[in-house]
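Asks: For reference, the structure I am asking about is given below.
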Amino acid sequence: MFRHINDFIREFEYESGSTLKVFRNISNEALLASPHDNIRSIRRLVWHITMTLGEMPGKAGLVIDCPDEHSAPPDDIATIYKAYETAAHSVLEQVKTHWTDADLSTEVNMYGEQWSKGTILTVLIRHEAHHRGQLTVLMRLNGLSVPGVYGPSKEEWAAWNMASPE
């Protein structure tokens, strides 16, 4: 759980930047790709990642500049990219403006449980990382290049004329 706003800001800036890096490698054609009926399409997954930026902090009292969580996902990756970018910036601004370090221990109702605001920020980042991992697998299955997030990707190793570790 986050105990300091600045720790969240530093972490969220990196994570949201990584998500945008992944989104940049998705084409409009790839948005509809889904390997199975029980797996979200890339379009649904990137929209879910985006909508959570408004939904989860919104339940904690912040007003995030983000389309409604029940809105239909656009067919254009540039539109989704911009919505995510705007929402991520809004999360940072809202947290900086409305919450203090002391507020992070305050508990609020979240999905029928009591979560501290610091926990909500932690879960927000973990949720995004979880789904970004799913997204990169779908991207690989659909022949899209995957950028490195926590280290070089296979494509980045190749660009350096190096074999990727096994």
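Asks: Does the stretch 90-113 hold any residues that are in contact (Cβ under 8 Å) with a residue 24 or more places away in the chain, of a type in the set (S, T, N, Q) and farther than 18 Å from Glu15 by Cα, and which are they?
Replies: Result: Thr100, Ser105, Asn109.
Asks: Tell me yes or no: at least one residue of the stretch 114-134 is touching a residue at least 12 places away in the same chain (Cβ under 8 Å) and assigned to a loop (DSSP other than H, G, I, E, B).
Replies: So far as the stretch 114-134 goes, no, none of its residues is touching a residue at least 12 places away in the same chain (Cβ under 8 Å) and assigned to a loop (DSSP other than H, G, I, E, B).
Asks: Still on this structure, I have one more. So is Thr86 assigned to a helix (DSSP H, G or I) and either under 17 Å from Leu138 (Cβ atoms) or of a type in the set (A, V, I, L, M, F, W, C) (or both) or not?
Replies: no
Asks: For the stretch 86-120, which positions are small (Gly, Ala, Ser) and on the phi > 0 side of the Ramachandran plot?
Replies: Gly112
Asks: Are any of the residues in the stretch 5-15 within 29 Å of Leu141 (Cα to Cα), among the aliphatic types (A, V, I, L, M), part of a helix (DSSP H, G or I) and touching a residue at least 12 places away in the same chain (Cβ under 8 Å)?
Replies: no
Every read-out reported here was derived from the displayed coordinates using simple, explicitly stated rules and does not represent laboratory data. No experiment lies behind these values; they were computed from the predicted model shown. Please note: Cβ atoms are built from the backbone with ideal geometry, for glycine as well, and neighbour counts cover all protein chains shown.
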